[in-house]
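The values are calculated or read from the model by the stated rules, or taken from the named source; none is laboratory data. Note that the coordinates shown come from a computational prediction; the quantities given were computed from them, not determined experimentally. In this analysis, Cβ positions are derived from the backbone assuming ideal geometry, glycine residues included, and neighbour counts consider all displayed protein chains. Heads up: the accessible areas ignore ligands, DNA and RNA and are worked out on the full protein's heavy atoms, side chains in. Shrake-Rupley method; radii C 1.70, N 1.55, O 1.52, S 1.80 Å.
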Amino acid sequence: MTLTIETRLGCRVVDRDGIVHFPRGLAGLETEKDYVLLAVKQDAPLLILQSVTNRHIGLLVADPYSFLESYQVVFGEAERALLRISSSEEAAVLVTVSIPSGEPDRATLNLTGPIVINHAARLGLQIPQRMRTRAKVDLHTEAGRLSAGCRHLCFQTRREAGEDSGMPGRFAELVAKDVERCDCPV
Amino acid sequence: MILKRRPGESLYLGEDIRVTILDVQGRHIRLGLEVPGHVTVYREEVYRRVEAENRCSLAASAEDVMQAATLWNEPRA
């Protein structure tokens, strides 16, 4: 079953099965509880976490592991219970991305508030982290650092390893595949 | 509501949450918290920081978002 929603990227038809429920909403957005993941551009690891009820609420997010060799998310019993997970394999992690106005080459990953999703149960939770080391990383610099200068090499590697082209495998089933544009006026 | 407690004394919040003032170490006051399994506990400044980061990630213009995604595919000069 599909749903037609207005999003930051325009009108979209999405699969109802892809809707992720956030029982606590997000920090500062506690009343918005249902979201879908939209790809910004094919083959790019940037996604929009889009509210299904409010077209203006779409957070720019990314898979941190496309950019960082390691990123550990700490969560406690309450978060595990809310997400209904018992092991980290059941969870996928996204982090928000900030872009200084007019400077897309200075996009940064925000590591203080990872968004953790139990993809099988379609449940999500944002878990504030008490950061001890760095809290923000430059998206383009990190990607360059991961392998000899070519920022998309890690993505190429994923593809060669058989993972879903352009999209980290964990998210493939969640990201709205149907990017059909509808005729409704935006 | 403002209450006074001495180290070692406690408060019950509702039926299931207990806060105990443990001791004072320099400028830090150590608190002991007993909460049920479903209750999350966050430091306020951390939560506020996440709120601010969320606002930032909402604020990017569609042009900046598309451009950032496009830059990803271009080899670094």
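Among the residues of segment A:60-82 satisfying the criterion of being open to solvent by less than 20 Å² (accessible area, probe 1.4 Å) and among the acidic types (Asp, Glu), which is farthest from B:His38 (Cα to Cα)?
Within segment A:60-82, the subset open to solvent by less than 20 Å² (accessible area, probe 1.4 Å) is A:60-64, A:66-68, A:78-79.
Going one step further and asking which of them are among the acidic types (Asp, Glu), we end up with A:63, A:79.
On the way: A:Asp63: 27, A:Glu79: 8 Å.
Filtering first and then ranking leaves A:Asp63.
Looking for whichever is closer than 15 Å to A:Ile117 by Cβ and of a type in the set (A, V, I, L, M, F, W, C) here; the options are A:Leu3, A:Leu83, A:Leu9. Which one fits? Give the steps one after another, and end with the answer.
Values: A:Leu3 fails: closer than 15 Å to A:Ile117 by Cβ; A:Leu9 fails: closer than 15 Å to A:Ile117 by Cβ.
Going through A:Leu3, A:Leu83, A:Leu9 in turn, the sole match is A:Leu83.
Can you tell me which residue is surrounded by the fewest Cβ atoms within 10 Å (Cβ to Cβ) among those in segment A:83-106 that are of a type in the set (A, V, I, L, M) and facing another protein chain (nearest Cβ under 7 Å)? Break it down stepwise before answering.
Pass one, segment A:83-106, residues of a type in the set (A, V, I, L, M): A:83, A:85, A:91-95, A:97, A:99.
Adding the requirement that they be facing another protein chain (nearest Cβ under 7 Å) leaves A:97, A:99.
Values: A:Val97: 27, A:Ile99: 24.
The qualifying residue surrounded by the fewest Cβ atoms within 10 Å (Cβ to Cβ) is A:Ile99.
Just wondering, is there one or more residues in segment A:63-76 that are among the small types (Gly, Ala, Ser) and within 15 Å of A:Leu123 (Cα to Cα)? Steps first, answer last, please.
First pass over segment A:63-76, keeping only residues among the small types (Gly, Ala, Ser): A:66, A:70, A:76.
Retained after the next criterion (residues that are within 15 Å of A:Leu123 (Cα to Cα)): none.
No, segment A:63-76 has no match at all.
Just name the residue that is nearest to A:Leu83 (Cα to Cα) out of those in segment A:16-59 that are part of a loop (DSSP other than H, G, I, E, B), open to solvent by 60 Å² or more (accessible area, probe 1.4 Å) and out of contact with any Asp or Glu (no Cβ under 7 Å at 6 or more places or on another chain).
The initial filter retains those residues of segment A:16-59 that are part of a loop (DSSP other than H, G, I, E, B), namely A:19, A:22-25, A:27-28, A:30-33, A:40-45, A:52-57.
Still in the running and open to solvent by 60 Å² or more (accessible area, probe 1.4 Å): A:24, A:30-31, A:33, A:41-42, A:53, A:55-56.
Within this subset, residues satisfying the condition of being out of contact with any Asp or Glu (no Cβ under 7 Å at 6 or more places or on another chain) are A:30-31, A:33, A:41-42, A:56.
Numbers: A:Glu30: 16, A:Thr31: 18, A:Lys33: 14, A:Lys41: 28, A:Gln42: 29, A:His56: 26 Å.
So the residue we want is A:Lys33.
Output the qualifying pairs, or none if there are none: Cβ atoms under 6 angstrom, residues six or more apart or on different chains, first residue in segment B:47-59 and facing chain A (nearest Cβ under 7 Å) and touching a residue at least 12 places away in the same chain (Cβ under 8 Å), second residue among the small types (Gly, Ala, Ser) and crowded, with 16+ Cβ neighbours inside 10 Å.
No pair meets every condition.
Please find, within segment A:75-109, the residue that is farthest from B:Arg55 (Cα to Cα) out of those that are charged (D, E, K, R) and in a loop (DSSP other than H, G, I, E, B). I'd like the intermediate steps shown before the answer.
Filtering segment A:75-109 for residues charged (D, E, K, R) gives A:77, A:79-80, A:84, A:89-90, A:103, A:105-106.
Cutting the leftovers down to in a loop (DSSP other than H, G, I, E, B) gives us A:84, A:103.
Numbers: A:Arg84: 27, A:Glu103: 17 Å.
This residue is A:Arg84.
A:Val13 fails exactly one of the following numbered conditions: (1) out of contact with any Pro (no Cβ under 6 Å at 6 or more places or on another chain); (2) part of a strand (DSSP E or B); (3) within 11 Å of chain B (Cβ to nearest Cβ). What is the number of that condition?
(3)
Quickly run through segment A:1-10 and pick out the residues that are part of a loop (DSSP other than H, G, I, E, B) and away from every other protein chain (no Cβ under 11 Å). Working first, answer last.
Applying the first criterion (part of a loop (DSSP other than H, G, I, E, B)) to segment A:1-10 yields A:1, A:8-9.
The answer is A:Met1, and nothing else.
Name, by its number, the condition in (1) in contact (Cβ under 8 Å) with a residue 12 or more places away in the chain; (2) within 18 Å of A:Gly58 (Cβ to Cβ) that does not hold for A:Met131.
(2)
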